[in-house]
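Asks: Handing you a structure now.
The values are calculated or read from the model by the stated rules, or taken from the named source; none is laboratory data. What you are looking at is a predicted structure, and each value in this text was computed from that prediction instead of being measured. When we count neighbours, we look across all protein chains shown, and the Cβ atoms used for this are built from the backbone with ideal geometry, even at glycine. Ligands, DNA and RNA are excluded from the accessible area calculation, which covers all protein heavy atoms including side chains. Shrake-Rupley method; radii C 1.70, N 1.55, O 1.52, S 1.80 Å.
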2 protein chains.
Amino acid sequence: MKKDNSTEEKIKQAAKEVFISKGFAGCSTREIAKASGMNVALVNYYFRSKSQLFALIFNAAMEDFTNTMVEVFGRDLSLPEKMRILIDKEYDFLSKHPELPAFIINETNRESGISFTNAGFFEKISQTGIFEQCIEAQQKGEMREIDIRNMTLLILSNCHYPFMSKNMMKSMLKIDSNQWKEAIELHKTHVTELLVNYLFPKK
Amino acid sequence: MKKDNSTEEKIKQAAKEVFISKGFAGCSTREIAKASGMNVALVNYYFRSKSQLFALIFNAAMEDFTNTMVEVFGRDLSLPEKMRILIDKEYDFLSKHPELPAFIINETNRESGISFTNAGFFEKISQTGIFEQCIEAQQKGEMREIDIRNMTLLILSNCHYPFMSKNMMKSMLKIDSNQWKEAIELHKTHVTELLVNYLFPKK
DNA sequence: AACTATTTTAAACAGTTGTTTAAATTATTT
DNA sequence: AAATAATTTAAACAACTGTTTAAAATAGTT
């Protein structure tokens, strides 16, 4: 049937890069076609429309985006251990994919944007048993009384924002890329202590 | 001379709203013209080009964006007091302008985007004397040994991200706008304690 | 009043946008 | 080898993009 399935894959790969770095509104189908070495008609031949191709990319990105959390929460570890490992893994992952948080948040905010099926994030997190583990830890007095939503927001804020704000911080603080890299590496240790100390205070 | 200076002002006001909510790439000059009740030619008559109008809006937004920090740091207060007031004021400000952080960060990340003169942010912050106050507090042992850049990043992460991520969080956590509002109000208190406790630990 | 400068308008411009068409090419099946 | 199906191409489409033009309308000056 298919002469060369790598055409479809090439377009998808190029679309991923272009969409994530420029956003839906910031690029054209012709740009994606050129980046993949194909022509415009092929983009719509394989994916029907710019919007449908985008939805594909977005949902995959969302999957990657929430993967680490689901994976780490699902392990058999204490909460402070999970927290430390999660932050470490998030910083690792985002060092390789620094554009992802801004992409997700942007496109989620775009009017008439993605339908955002949520891809069952809440359910996946729920199935890890993290909620029960938190409630239990709170009853034992090992964890601060904090809504799980606020805990999530604290984690995401301190993991995502440093990468999203790279260019802004470089300009505001007048630092170059090397200094930023140093600052980020140091920042990870601050964030870890900050969150662990706050969420699991020693009496 | 000017028949009606409100024309220029109307366009500027409409441009501000449209640019901030849709971004430079996400809107057209015709959309701005229509939003202001004027026509396309007038936009370029008063502002020469979409880019120049955008630069005007962006720089003003950047000014608003960094205002609170400069203002609070310039007061005659202790560092923990400044921190508490700053967070309170940031949450107040961002409740009224929730789209601003995402706008600034997005446009700062856009390729061939704004020249971003920085508007002397670093100098303005420096002139408040906050750096010296931090060093002094650290020498007295009242403040944790932390680079001022990392301190800044901690503050911005925990103030900006909650507002930028509103739609994402609503979807991920399956909550409505009222629940989000409650969560944000609560979050402010968490962030305040989190940061004050970390930066100014009691021995 | 006539004249000048400023503001507003409608129309046009060249280029780009997402998408579709129909023909050409290639692969697969018979 | 012939017939069928899948893939690729170049070209076209209508709508929209930022910007400019020249004429019309208005305001200000003499």
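Asks: Being on the phi < 0 side of the Ramachandran plot, in a loop (DSSP other than H, G, I, E, B) and buried (at least 18 other Cβ atoms within 10 Å of the Cβ) is true for just one of A:F54, A:F24. Which residue is that?
Replies: Criteria check complete, one pass: A:F24.
Asks: Go through (1) more than 14 Å from every other protein chain (Cβ to nearest Cβ); (2) under 15 Å from the mean Cα position of the chain (by Cα); (3) aliphatic (A, V, I, L, M) and name the single condition B:I105 misses.
Replies: Checking B:I105 against (1) more than 14 Å from every other protein chain (Cβ to nearest Cβ); (2) under 15 Å from the mean Cα position of the chain (by Cα); (3) aliphatic (A, V, I, L, M), the one that fails is (1).
Asks: Kindly provide the set of residues from segment A:155-174 that are more than 7 Å from chain B (Cβ to nearest Cβ) and either open to solvent by less than 20 Å² (accessible area, probe 1.4 Å) or modelled with pLDDT of 95 or more (or both), ordered by number.
Replies: A:I155, A:C159, A:F163, A:K166
Asks: Continuing with the same structure: Give all pairs with beta carbons closer than 7 Å in which a residue from segment A:38-67 that is in contact (Cβ under 8 Å) with a residue 60 or more places away in the chain and within 14 Å of another protein chain (Cβ to nearest Cβ) meets a residue that is more than 9 Å from DNA strand D (Cβ to nearest atom) and part of a helix (DSSP H, G or I); count only pairs at least 6 apart in sequence or on separate chains.
Replies: From residues that are in contact (Cβ under 8 Å) with a residue 60 or more places away in the chain and within 14 Å of another protein chain (Cβ to nearest Cβ), the pairs are A:F54/A:F19; A:N59/A:A119.
Asks: For residues in segment A:178-199 being touching a Lys or Arg at 6+ places or on another chain (Cβ under 7 Å) and more than 7 Å from chain B (Cβ to nearest Cβ), which is surrounded by the fewest Cβ atoms within 10 Å (Cβ to Cβ)?
Replies: A:V196
Asks: Related question: Here is a check on your reading of the model: is A:E9 surrounded by fewer than 17 Cβ atoms within 10 Å (Cβ to Cβ) and either assigned by TED's automatic domain parsing to the domain that holds A:I114 or assigned to a helix (DSSP H, G or I) (or both)?
Replies: It is true that A:E9 is surrounded by fewer than 17 Cβ atoms within 10 Å (Cβ to Cβ) and either assigned by TED's automatic domain parsing to the domain that holds A:I114 or assigned to a helix (DSSP H, G or I) (or both).
Asks: Filter segment B:130-146 down to the residues that are without any contact (Cβ under 8 Å) to a residue 24 or more places away in the chain and open to solvent by less than 50 Å² (accessible area, probe 1.4 Å), then identify the one that is nearest to the other protein chains (Cβ to nearest Cβ).
Replies: Only one residue fits best here, namely B:F131.
Asks: Does any residue of segment A:71-80 turn out to be away from DNA strand D (no atom under 13 Å from the Cβ), buried (at least 19 other Cβ atoms within 10 Å of the Cβ), touching a residue at least 60 places away in the same chain (Cβ under 8 Å) and part of a helix (DSSP H, G or I)?
Replies: The answer is yes, given that some residue of segment A:71-80 is away from DNA strand D (no atom under 13 Å from the Cβ), buried (at least 19 other Cβ atoms within 10 Å of the Cβ), touching a residue at least 60 places away in the same chain (Cβ under 8 Å) and part of a helix (DSSP H, G or I).
Asks: What residue, of A:I184, A:I125, is more than 23 Å from B:A183 (Cβ to Cβ) and not in a loop (DSSP other than H, G, I, E, B)?
Replies: A:I184
Asks: With the structure loaded, tell me whether A:K89 is out of contact with any strand residue (DSSP E or B) (no Cβ under 8 Å at 6 or more places or on another chain), within 16 Å of DNA strand D (Cβ to nearest atom), assigned to a helix (DSSP H, G or I) and without any contact (Cβ under 8 Å) to a residue 40 or more places away in the chain or whether it fails that test.
Replies: no
Asks: Taking only pairs six or more apart or across chains, which ones have beta-carbon atoms under 9 Å, a first residue in segment A:175-188 that is of a type in the set (G, A, S), and a second residue that is assigned to a helix (DSSP H, G or I)?
Replies: A:S177/A:K166; A:S177/A:K170; A:A183/A:P162; A:A183/A:M169; A:A183/A:L173; A:A183/B:R149; A:A183/B:N150; A:A183/B:L153
Asks: Quick one: would you say A:E17 is of a type outside the set (G, A, S), over 19 Å from A:F103 (Cβ atoms), away from DNA strand C (no atom under 11 Å from the Cβ) and modelled with pLDDT of 95 or more?
Replies: no
Asks: Further question on the same structure: So B:T66 fits all but one of (1) more than 15 Å from DNA strand D (Cβ to nearest atom); (2) open to solvent by 10 Å² or more (accessible area, probe 1.4 Å); (3) modelled with pLDDT of 95 or more; (4) β-branched (V, I, T); what number is the exception?
Replies: (3)
Asks: Additional query: Among the candidates B:M62, B:M38, which residue alone is away from DNA strand C (no atom under 16 Å from the Cβ) and hydrophobic (A, V, I, L, M, F, W, C)?
Replies: Of B:M62, B:M38, the one residue that is away from DNA strand C (no atom under 16 Å from the Cβ) and hydrophobic (A, V, I, L, M, F, W, C) is B:M62.
Asks: For segment B:120-129, what are the residues that are of a type in the set (D, E, K, R) and at the interface with another protein chain (Cβ under 10 Å from one of its Cβ atoms)?
Replies: B:E123
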